[in-house]
Each structure stands twice: as structure tokens, then as C-alpha cells.
Amino acid sequence: MKFSMTDGGFQTKTDYGELSVSGEEDYGFRPFQLMTSSIAVCSGGVLRKIMNKRHQTVHDIQIEAEVERDDKQANKITAVHLHFIVKAENVTEAQMQKNMEWTKKNCSMVQSVKDSIAVTETFELLSD
């Protein structure tokens with residue numbers, strides 16, 4: 001990826017369009033938002049793949065992310081809590097718990113930050 005300076009931040013072009021990143025909300029996505037999005041969406045994608053491989057019918061996954069930051073240490077992200085709301089058919093709480101364990105082990109973004117950011121997950125299972 002190549003990033004070019006703009007008036008208020010930086011911009012890159014991807015296959016899906018332009019991405020503007022800035023420490024100021026008026027000029028683009030803030031870096032912590034992109035980090036949080038990467039962790040949440042990677043986890044959600046891995047969860048969906050795991051459920052599909054286990055022949056579990058999943059109709060929807062919503063992810064709520066809460067971020068904790070330390071303003072005494074450059075406002076770094078110290079923790080991300082992900083709450084998954086999963087709408088699925090014939091999936092037990094025990095199966096879902098196992099899915100979540102495998103998700104954490106197989107999400108490249110979670111594995112990349114595990115020694116510096118505490119990532120926790122909870123889930124709510126909704127039946128169809």
C-alpha cells in the first residue's frame with residue numbers, strides 16, 4: 001500500500017476505492033477506528049467460515065465493539081471487547097462457545113495484537 005499526504009491526513013487507493021485516514025475526524029477514518037474494524041471484521045469473517053464449515057446455518061452476524069484506550073500512553077488501544085449477536089439455526093450455546101474459541105485462535109488480526117491489546121469476546125445467540 002502507498003499512502004499520500006493530504007491537507008488533513010493521508011490517503012491510499014485500493015481495489016474498493018479511496019481510503020482517507022487522519023487523526024482528525026473531519027478528514028477521514030481515525031487510525032484507532034481502522035484497528036478496531038480490522039479486529040472486529042476479521043473475527044466476524046473467521047466466525048462465519050467456521051460456522052459454514054461446521055454446516056451451521058448462520059443468517060446474520062452483528063458485532064458491537066468497545067475500545068479502551070490509555071491517554072497516559074499516547075492514547076494507545078489497551079483492550080477491545082467484541083460482542084457478537086448471531087442469528088443461526090440449530091446451533092447450541094456449547095457449539096457457539098467452541099466456534100468463538102476457534103475464531104480467536106484463527107483470526108490473524110487478533111493473533112497479531114494479542115500481546116499488546118486484550119481482546120475479549122462474548123456472544124448472544126438468536127434462533128430463527
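Values quoted throughout were computed directly from the atomic coordinates according to the rules given, and no laboratory measurement underlies them. In this text the structure is predicted, and so the values were computed from the model without any measurement. Quick reminder, even Gly has a Cβ in these numbers, built from the backbone with ideal geometry, and neighbours come from all protein chains shown.
The residue among ALA74, LEU125, GLN11 whose Cα reaches farthest toward the positive pole of the charge dipole of segment 4-127, with charges on the beta-carbon of Lys, Arg, Asp and Glu, is LEU125.
Charge tally for SER43 (other residues, Cβ to Cβ under 14 Å; Lys, Arg +1; Asp, Glu -1): +1. Exposed loop chymotrypsin sites (Phe, Trp or Tyr not before Pro) only (DSSP loop, at most 13 other Cβ atoms within 10 Å): please give the longest stretch of the chain free of them, not including the sites. Looking at the chain, 17-128 is the longest stretch - no exposed chymotrypsin sites (Phe, Trp or Tyr not before Pro) with at most 13 other Cβ atoms within 10 Å. What is the local net charge at VAL80, summed over the other residues whose Cβ is closer than 9 Å to its Cβ (Lys, Arg +1; Asp, Glu -1)? My count for the surroundings of VAL80 gives -2. Note that segment 110-120 has calculated 3J(HN,Hα) couplings of 4, 5, 5, 10, 4, 8, 10, 10, 6, 10, 10 Hz, one per residue in order, obtained from phi through the Karplus relation 6.51 cos²θ - 1.76 cosθ + 1.60 (θ = phi - 60°); glycine and proline are x.
In a DSSP loop and with at most 12 other Cβ atoms within 10 Å, the GluC sites (Glu not before Pro) in segment 16-119 are GLU24.
Only beta bridges with both residues in segment 50-128 are counted; by DSSP, about 55 percent of them are antiparallel. Of the trypsin sites (Lys or Arg not before Pro) found in segment 37-111, those that fall in a DSSP loop while having at most 16 other beta-carbon atoms within 10 Å are ARG54, LYS72. Could you state the angle between the C-alpha long axis of helix 31-53 and the longest principal axis of the C-alpha atoms of the chain, as a value from 0 to 90 degrees rounded to the nearest 10? Rounded to the nearest ten degrees, it is 20. Quick one: angle between helix 93-106 and the longest Cα principal axis of the chain, in degrees between 0 and 90, rounded to 10, please. Helix 93-106 sits at roughly 40 degrees to that axis. Around PHE32, under 13 Å between beta carbons, what's the net of Lys plus Arg minus Asp minus Glu among the other residues? Overall, the nearby charge balance is -3.
Going by amide H atoms built from the backbone, whose H comes under 5 Å of the H on LYS76, apart from near neighbours? Amide H neighbours of LYS76, under 5 Å, 5+ apart: ASP70. Plainly put, segment 1-119 has a radius of gyration that is 1.04 times its Kirkwood radius, both from alpha-carbon atoms, as the Rg/Rh ratio. Can you work out the PRE-style zone for ARG30? Point 7 Å along Cα to Cβ, and I want the residues of segment 64-102 with backbone N under 14 Å. In segment 64-102, the label zone of ARG30 (backbone N under 14 Å from the point 7 Å along Cα→Cβ) covers 66-72, 74-78. Taking every alpha-carbon pair under 8 Å whose residues sit at least 6 apart, segment 1-100 reaches a relative contact order of 17 percent. Rounded to the nearest 20, the size of the Cβ-charge dipole of the chain about its Cα centre is 680 debye, with Lys and Arg at +1 and Asp and Glu at -1.
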